[in-house]
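Student: So that we are looking at the same thing, I have put the structure below in structure tokens.
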Amino acid sequence: MTIFLIFFIAHWYLSLFCQTFFLHRYAAHSMFTMSKGWEKFFYILTWLTQGSSYLSPYAYGILHRLHHAFTDTEEDPHSPSYTKGLFPLMWKTKIIYNDIENYRLKVDEKFMKNLPMWRSFDHFASSRLSRLGWVAIYIVIYAFIATQWWMWLLLPITILTGPVHGAIINYFAHKYGYRNFDTPDTSKNFLPIDLIMMGESYHNNHHKLLARPNFGIKWFEIDPTYPVIRLLSALKVIRLNQEPQPLSLIHISEPTRPY
């Protein structure tokens, strides 16, 4: 059981780190820059960690920018206000993501600005061969380390880890939680202490302060990804584009009642 839990937890956090650090904060929001060499390194790392659920930084970046531009409207790619239920929301997001990835959806050029692009790698990493290959690898790993029947119930999460991470925030963080800011949308901070989503659940903070690389605001809102960002900045792997806004300049309202 110990080996299985180490594998599952390591896979969860490594793939989540690539999603929040590389896809979200870098590709979608350009919170920092990096060389083309490091960019390709994180492309490959994202493929290795997300595996069968690899998400293209280019397509993810556009999808996420559309979400911020049209939050909680009919044009939002994944709003629980217009898509009832978690699984219908995930399916709608998948369709729009695929349309973006395959250039079937006409997108305003402003949403494509400064996006990372490595088309040949995206084509390979998103191919059916790659995805099925990873599924086969996961099944083999489970066959060796899953010692209890219930462990196999977690296989779908391993296979769909990228969409699962996104769905937790896109659905639950727009329905449940508390708000630090009176934003014109339903974004909420889903968890007061975010140990399972690496800062992503501070969604209301993020919707208010889009360029802020530290998603936590209050003293108890610890963003585990931010110290890694600072370390990579100190090591000159990345260069932050904007220093966090001083807390003295941020007005925080009292949290509203969760619903």
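Student: Residues of region 142-157 being under 14 Å from Ser52 (Cα atoms) and open to solvent by 40 Å² or more (accessible area, probe 1.4 Å), which ones?
Tutor: The answer is Pro156, Ile157.
Student: For region 15-34, enumerate the residues that are open to solvent by 10 Å² or more (accessible area, probe 1.4 Å), among the hydroxyl-bearing types (Ser, Thr, Tyr) and out of contact with any strand residue (DSSP E or B) (no Cβ under 9 Å at 6 or more places or on another chain).
Tutor: Within region 15-34, just Ser30 meets the criteria.
Student: Provide a single number: the residues in region 117-169 that are without any contact (Cβ under 8 Å) to a residue 12 or more places away in the chain and of a type in the set (Ser, Thr, Tyr).
Tutor: 2
Student: Condition check: in contact (Cβ under 8 Å) with a residue 60 or more places away in the chain and within 19 Å of Leu210 (Cα to Cα). Does Phe70 satisfy that?
Tutor: no
Student: Okay, moving on. Output the number of residues of region 179-193 satisfying the condition of being closer than 30 Å to Pro156 by Cα and surrounded by fewer than 22 Cβ atoms within 10 Å (Cβ to Cβ).
Tutor: 4
Student: What number goes with the only condition from (1) closer than 23 Å to Arg25 by Cα; (2) among the basic types (Lys, Arg); (3) touching a Ser or Thr at 6+ places or on another chain (Cβ under 6 Å) that Lys110 does not pass?
Tutor: Lys110 satisfies every listed condition except (3).
Student: Then there's this: Scan region 205-226 for residues that are free of Cβ contacts under 8 Å to residues at least 40 places away in the same chain and either among the acidic types (Asp, Glu) or open to solvent by less than 10 Å² (accessible area, probe 1.4 Å) (or both) and jot them down.
Tutor: Result: Asn205, His206, Phe215, Gly216, Glu221, Asp223.
Student: Assess whether Lys188 counts as being over 28 Å from Val135 (Cα atoms) and out of contact with any helix residue (DSSP H, G or I) (no Cβ under 7 Å at 6 or more places or on another chain).
Tutor: no
Residues are listed down the side, and each one gets a yes or a no for (1) aliphatic (A, V, I, L, M); (2) closer than 24 Å to Tyr97 by Cα:
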residue: Leu115; (1), (2): yes, yes
residue: Ser120; (1), (2): no, yes
residue: His165; (1), (2): no, yes
residue: Thr183; (1), (2): no, no
residue: Leu209; (1), (2): yes, no
residue: Phe215; (1), (2): no, no
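Student: Examine region 123-136 for a residue that is closer than 24 Å to Arg25 by Cβ, in a helix (DSSP H, G or I) and modelled with pLDDT of 95 or more, and state whether such a residue exists.
Tutor: Yes; the residues of region 123-136 include at least one that is closer than 24 Å to Arg25 by Cβ, in a helix (DSSP H, G or I) and modelled with pLDDT of 95 or more.
Student: Has region 91-108 got at least one residue that is open to solvent by 40 Å² or more (accessible area, probe 1.4 Å) and farther than 27 Å from Arg128 by Cβ?
Tutor: yes
Student: Go through region 141-231 and tell me which helices (runs of 4 or more DSSP H), entirely inside it, have 2 or more residues that are closer than 29 Å to Thr2 by Cβ. Can you show your working first?
Tutor: Details: elements: 155-159, 161-167, 203-208.
By residue number, 155-159, 161-167.
The values are calculated or read from the model by the stated rules, or taken from the named source; none is laboratory data. All values reported here derive from a predicted model rather than from experimental measurement. With ideal geometry, Cβ positions are generated from the backbone for all residues, glycine too; neighbour counts draw on all protein chains shown. Surface areas here come from the heavy atoms of the whole protein model, side chains and all, with no ligands, DNA or RNA. Shrake-Rupley method; radii C 1.70, N 1.55, O 1.52, S 1.80 Å.
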